[in-house]
Amino acid sequence: MAGHHHHHHVDPAAGDSRVAWAVAVNLGLTVVQIIGGIVSGSLAMIADAIHNLSDALSLVIAFFARKIARRPADNAMTFGYGRAEVVAALINYTTLVVIGLYLVYEAVMRFIEPSGVDGWLVVIIAGVALLVDVVTAMLTYRLSKESVNIRAAFLHNVADALGSVAVIFAGTLIILYDWQWIDPAVTLLIAGYILWMSFGEIGGVIHILMLGTPPELSAQKVIKSIEAVDGIESVHHLHLWQMQEHEAALDAHLVIDAGRWGDADAIKQAVKARLKQDFGLGHTTLELECARHACVGAEVIG
């Protein structure tokens, strides 16, 4: 966890303006793509447009989640609002799963009942879409490294750029060979990628919301490290979880060796220093018990 304390080097206000620009550009593109898809008859372009709309919406959610996450803790939210970004990421990935499944259905229906597609119009609009996707990805790339929320929005855009390339490819084949089946085939590829990407990322988001142990930390290693401190007999009732993406917390009961109760405060400080040094754990709550009055039969974890 120690490495996670060096992420906050992007100015929040500058980040907000980048996200705002990315939203504006994506909303404009979505309108152009949907009109183009309807006029040209291309389901693949409409698929790309729907995904692009989800980009814009994901960025809107990301924008407001970033602002909410910076609010200080209060009576209603004593841990603060940092998890707003994680909730936003969950909403974004869930939306993408729904969109992906819808596109699979539409593509299968198009195979059953084919319809004509204007290849030239598809290629031109998809080319513009690709340019916008690249610009949006550049706007959000740096921010994606510090936030699971912005990363969700950034990955939307990467998928979109690949979708635009696939649509250009499909339009070119329709122009050259009149392969109308390539349009629903490309739609299935876009939908498959959306689903694969979403299921790959959503697990980590759910893990945080389920108060999971930080992926880079081992609860057993933390326990061994605490028990190695002079004066500690044992540890129990340990909880180790991610409060938000870049901040972990720990609480535990420490049993002080018999005859060392007078050193209890110093031993606790030594444990806190060890946890900070070895694991980057700065948010720790430790309850002390003397060996003679320790909890009987307590679980080590939980």
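Things worth noting here:
- 25 Å Cα-Cα reach of Lys67 towards lysines, excluding residues that sit fewer than 8 places from it in its own chain: Lys145
- Overall, the accessible surface of the chain at a probe of 1.4 angstrom is composed of carbon and sulfur to the extent of 67 percent.
- What the chain shows is 48 Å² of accessible area per residue, with the surface traced by a 1.4 Å probe over protein heavy atoms.
- For the chain, alpha-carbon Rg relative to the globular expectation (2.2 N^0.38 Å, N residues): 1.33
- FRET efficiency for the pair Ala264 and Trp21, taken as 1/(1 + (r/R0)^6) with r the Cβ-Cβ distance and R0 = 41 Å, rounds to 0.15.
- Choice from Asn75, Asn157, Asn92 showing the highest fluctuation, given a GNM over the chain with Cα pairs closer than 10 Å: Asn75
- Highest-fluctuation residue, Met243, Met210, Met77 considered, GNM on the chain with Cα pairs under 10 Å: Met77
- Spatially proximal lysines relative to Lys272 (Cα-Cα < 24 Å; intrachain offsets below 8 disregarded): Lys221, Lys224
- In loop segments of the range 125-160 as defined by DSSP, the trypsin sites (Lys or Arg not before Pro) with at most 13 further C-beta atoms inside 10 Å of their C-beta are Lys145.
- Per-residue HN-Hα couplings for the range 199-206 [Karplus 6.51, -1.76, 1.60; θ = phi - 60°; Hz; x = Gly/Pro]: 5, x, 9, 5, x, x, 5, 5
- Karplus-derived HN-Hα couplings along the range 235-249 (A = 6.51, B = -1.76, C = 1.60, θ = phi - 60°), whole Hz, x at Gly and Pro: 10, 8, 6, 7, 10, 9, 8, 8, 5, 8, 4, 10, 9, 9, 9
- Nitroxide proxy distance, nm - points 7 Å out along Cα→Cβ at Lys221 and Ile301: 1.4 nm
- Among the GluC sites (Glu not before Pro) in the range 188-244, those located in a DSSP loop and surrounded by at most 12 other Cβ atoms within 10 Å of their own Cβ are Glu216.
- Accessible surface for Cys290 stands near 40 Å², nearest 10, in the context of the full protein assembly shown (1.4 Å probe).
- Distances between placed amide hydrogens fall under 5 Å for Leu281 paired with Lys276, all partners being 5 or more residues away or on another chain.
- Gain on full extension, evaluated as 0.36 nm per residue between Thr94 and Leu209 minus their Cα-Cα distance, stands at 40.0 nm.
- Between 0 and 90 degrees, the angle of helix 43-69 with respect to the longest Cα principal axis of the chain falls at about 30 degrees.
- Applied to the range 265-277, the Karplus parametrisation 6.51 cos²θ - 1.76 cosθ + 1.60 on θ = phi - 60° returns per-residue 3J(HN,Hα) values of 5, 5, 5, 4, 5, 5, 5, 4, 5, 5, 5, 5, 6 Hz, with x for Gly and Pro.
- The range 151-278 - Debye-derived log10 I(q)/I(0), Cα point model, q = 0.13, 0.14, 0.16, 0.21 Å⁻¹: -0.69, -0.74, -0.85, -1.13
- Accessible surface of Arg70 - all protein chains present, 1.4 Å probe, nearest 10 Å²: 110 Å²
- Potential extension, His239-Arg142 segment - 0.36 nm per residue separation minus Cα distance: 31.7 nm
- Packing rank of 187-198, 266-277, where each peptide gets the mean count of other beta carbons within 10 Å, highest leading: 187-198, 266-277
- Cα-based reach from Lys268 at 16 Å (exclusive), listing aspartates and glutamates while leaving out same-chain residues under 8 positions away: Glu227, Asp230, Glu233, Asp251, Asp257, Asp278, Glu287, Glu289
- Accessible surface of Thr94 - all protein chains present, 1.4 Å probe, nearest 10 Å²: 60 Å²
The values are calculated or read from the model by the stated rules, or taken from the named source; none is laboratory data. Just so it is clear, the model here is predicted, and its values are computed rather than measured. Because the Cβ atoms are built from the backbone with ideal geometry, glycine has one as well, and the counts that use them run over all protein chains shown. Side chains are part of the model used for accessible areas, which takes the heavy atoms of the whole protein and leaves out ligands, DNA and RNA. Shrake-Rupley method; radii C 1.70, N 1.55, O 1.52, S 1.80 Å.
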